[in-house]
Ligand code: SF4
């Protein structure tokens with residue numbers, strides 16, 4: 001079988017990581033390549049394992065997303081799913097995956113089993129921390145129902161559904177890009193896109209780029225004019241939503257930013273044609289607060305036990 005090639009592509013998360021820490025970006029997109037192979041190089045396998053690490057907060061957000069996706073899938077099959085059933089699903093996932101992580105099942109398969117930052121880096125997790133994580137999931141699911149999304153999405157007819165968390169690619173100029181839309185459907189003459197968020201709106205820098213990206217993707221994928229696309233960032237824990245329509249000028253500015261990003265990313269590479277980088281060309285961040293919650297700490301500083309306390 002032909003070997004997979006690490007081809008360059010752009011995504012919102014890639015652009016964010018590039019801004020956050022160049023070294024982390026290198027580990028995530030280059031050093032971990034082929035690390036899924038059992039016979040792959042040790043360093044790549046370590047980076048691939050560390051790439052899968054999530055902290056409690058991100059894990060709660062991921063579980064909320066997965067339960068909402070399951071609810072929508074159920075609605076599409078004509079089966080309502082009660083809030084109690086959703087919360088029970090959330091609780092089961094929390095319990096099962098906590099155990100998986102505590103027992104280090106990720107050793108068998110790093111992508112299949114959850115690896116929590118707090119376990120891997122030996123942080124103390126109090127019963128209160130665990131209760132807060134569960135409450136975060138429950139609150140997000142409760143808000144999904146209370147804010148009227150469950151009711152609205154139950155009534156979307158089969159032919160109006162466009163996408164539920166499908167990873168898809170498109171082109172921005174000649175740049176291959178990826179997008180995952182939490183959910184998209186036709187609502188009369190409009191296309192409605194919902195992006196579920198479990199963090200806070202005021203800490204969500206880059207949210208507008210994400211929404212423009214989704215609108216461009218939708219316009220391309222479903223051949224729709226930009227003005228017919230409504231993108232909503234739904235902050236479940238805060239119970240607020242910001243609805244956006246993307247203007248043509250915003251789309252132009254966004255494309256320009258993507259081209260600039262791509263040029264900066266390519267400049268870092270030792271061999272841009274073959275998309276090959278070297279660790280020494282990707283310096284560490286000087287913001288140690290980021291290191292205190294970075295899954296790559298072990299490979300970056302050579303010792304798991306040195307990870308600084310979270311601020
Ligand atoms: S530990 Fe710090 S410097 Fe190293 S990759 Fe993570 S954030 Fe970057």
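The values are calculated or read from the model by the stated rules, or taken from the named source; none is laboratory data. Keep in mind that what you see is a predicted model, and the values were worked out from it rather than measured. Every residue, glycine as well, gets a Cβ built from its backbone with ideal geometry; the counts of neighbours run over all protein chains shown.
For the stretch 133-170, the set of residues classified as surrounded by fewer than 16 Cβ atoms within 10 Å (Cβ to Cβ), within 22 Å of the chain's Cα centre (by Cα) and in the same structural domain as residue 117 (by TED's automatic domain parsing) consists of 135 only.
Every residue, every condition in (1) touching a residue at least 24 places away in the same chain (Cβ under 8 Å); (2) within 17 Å of residue 59 (Cβ to Cβ); (3) in contact with a helix residue (DSSP H, G or I) (Cβ under 7 Å, 6 or more places away or on another chain), yes or no:
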{"residue": "152", "(1), (2), (3)": "no, no, no"}
{"residue": "166", "(1), (2), (3)": "no, no, no"}
{"residue": "171", "(1), (2), (3)": "yes, no, no"}
{"residue": "185", "(1), (2), (3)": "yes, no, yes"}
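Among the residues that make up the stretch 41-49, is at least one of them more than 18 Å from residue 110 (Cα to Cα) and not assigned by TED's automatic domain parsing to the domain that holds residue 193? The answer is no, given that none of the residues of the stretch 41-49 is more than 18 Å from residue 110 (Cα to Cα) and not assigned by TED's automatic domain parsing to the domain that holds residue 193.
Can you tell me which residue in the stretch 292-311 is farthest from the ligand (Cβ to nearest atom), limited to those that are free of Cβ contacts under 8 Å to residues at least 40 places away in the same chain and assigned to a helix (DSSP H, G or I)?
306
The residues on offer are 62, 55, and the sole one that is more than 15 Å from the ligand (Cβ to nearest atom) and either under 30 Å from residue 142 (Cα atoms) or crowded, with 20+ Cβ neighbours inside 10 Å (or both) is 62.
Put simply, of 277, 295 the only residue that is touching a helix residue (DSSP H, G or I) at 6+ places or on another chain (Cβ under 6 Å), in the same structural domain as residue 50 (by TED's automatic domain parsing) and under 13 Å from residue 25 (Cα atoms) is 295.
When residue 286 is tested against (1) surrounded by 15 or more Cβ atoms within 10 Å (Cβ to Cβ); (2) within 13 Å of the ligand (Cβ to nearest atom), exactly one condition is not met: (1).
Note on the stretch 251-280: residues that are assigned to a helix (DSSP H, G or I) and more than 14 Å from the ligand (Cβ to nearest atom) amount to 20.
Could you list, in sequence order, all residues of the stretch 1-21 that are under 19 Å from residue 53 (Cα atoms) and either surrounded by fewer than 20 Cβ atoms within 10 Å (Cβ to Cβ) or away from the ligand (no atom under 13 Å from the Cβ) (or both)? Passing the criteria: 13, 14, 16, 17, 20.
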